[in-house]
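Working notes for the structure below.
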Protein chains: 2
Amino acid sequence: MEDRYSLKLKPIGIIHSPYKNTGEAPYQGDKSEGISQIEVFKEFEEGLKDIEGFSHIIVIYWFHESQGYHLLVKTPWDDILHGLFTTRSPHRPCPLGLTVVELLSREKNVLIVKGLDAIEGTPLLDIKPYIPGVDERSIIKLGWLEGKLRKERS
Amino acid sequence: MEDRYSLKLKPIGIIHSPYKNTGEAPYQGDKSEGISQIEVFKEFEEGLKDIEGFSHIIVIYWFHESQGYHLLVKTPWDDILHGLFTTRSPHRPCPLGLTVVELLSREKNVLIVKGLDAIEGTPLLDIKPYIPGVDERSIIKLGWLEGKLRKERS
């Protein structure tokens, strides 16, 4: 039996979204044109210093409406069972969501962003700068997603 | 006072790395040429189905050696204090690490990857497919990092 100790996290903020529930949220962040407010709790505001210089940030959050998971899942893209870790399903052992969003502006401890697919009330866990030299890779094989998402982008 | 309830996570695996401690680890994932083994606990192995079709995956892990944090930090890139959330410092309120890595091969429940800057024994939290159409953004302002990381890439 593996050592499955618990790790504890406390949210650093809360996400206010035009999507009030999971039914309203888009499948993936890049399909969301909605404007969201990321409220960073006041005690962490200093950590946002100069963030307005960045056009894009990585937002990590808690899928708070996710309950349980299956290791094989169907997605909106086809009718085949895929390994959970080859999908972006919100139903995961560690229900961590990740979206790269456009940072439109900042008002004190609130970031106004575009493209965040998290729903209203989502607990915010972390914000990181999006850095192409670090976060992008150029030689890509997309597995079962090949031809599905790429097509949509062009 | 904000609602700062605790969220609990259980690791889904463990990372075996050539970097035995934080002093040996590179600053950022893309500077790492080291080969790491991501051991996904057996109970989650089914969730890896067909992952070998993907050349790149997003690895989310726990900075287990991180203790405390400061909201303003200096980085290896310059001598100026920056807002924590504009840096990739491992010392964060929620100590979540995120690296896009190249998936070289899979042996049952173990993924062999290149470019993972996590150190030996790091708890694994999640694996997601890296999808350029979802995870890449083309109009980028890099704030205080402008000219620093980009230069290195070209």
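Tabulated data for the structure shown
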read-out	value
Count of lysine pairs in segment A:22-109 with Cα separation under 30 Å (8 or more residues apart, or interchain)	5
Label 7 Å beyond Cα on the Cβ vector: B:Ile112 copy-to-copy distances, nm	5.1
Hits among aspartates and glutamates - C-alpha to C-alpha of A:Lys141 under 17 Å, sequence gap 8 or more where chains match	A:Glu152, B:Asp50, B:Glu52, B:Glu102, B:Asp135, B:Glu136
B/A buried area, accessible surface, summed, 1.4 Å probe, Å²	8000
Förster radius 35 Å - calculated FRET efficiency between A:Thr22 and B:Val110, Cβ distance, rounded to 0.05	0.60
Packing rank of B:101-107, B:56-62, where each peptide gets the mean count of other beta carbons within 10 Å, highest leading	B:56-62, B:101-107
Relative contact order of chain A, pairs being alpha-carbon contacts under 8 Å that are 6 or more residues apart, as %	35
For chain B, accessible area per residue (1.4 Å probe, heavy atoms of protein chains only), Å²	43
Inter-copy separations for A:Gly23, label at 7 Å along Cα-Cβ, nm, ascending	5.8
Fraction of accessible area attributable to carbon and sulfur, the protein assembly as shown (%, probe 1.4 Å)	51
Threshold 50 Å² - residues in segment B:76-116 whose accessible area is reduced by that much or more when the chain is no longer isolated, probe 1.4 Å	B:Phe85, B:Thr86, B:Arg88, B:Cys94, B:Leu96, B:Leu98, B:Val100
Cβ-vector label at 7 Å, A:Lys141, separations to other copies in nm	4.0
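The values are calculated or read from the model by the stated rules, or taken from the named source; none is laboratory data. Please read these numbers as outputs of a predicted model, since none were measured by experiment. When we count neighbours, we look across all protein chains shown, and the Cβ atoms used for this are built from the backbone with ideal geometry, even at glycine. Please note that ligands, DNA and RNA were not included when accessible areas were found on the heavy atoms of the full protein model with its side chains. Shrake-Rupley method; radii C 1.70, N 1.55, O 1.52, S 1.80 Å.
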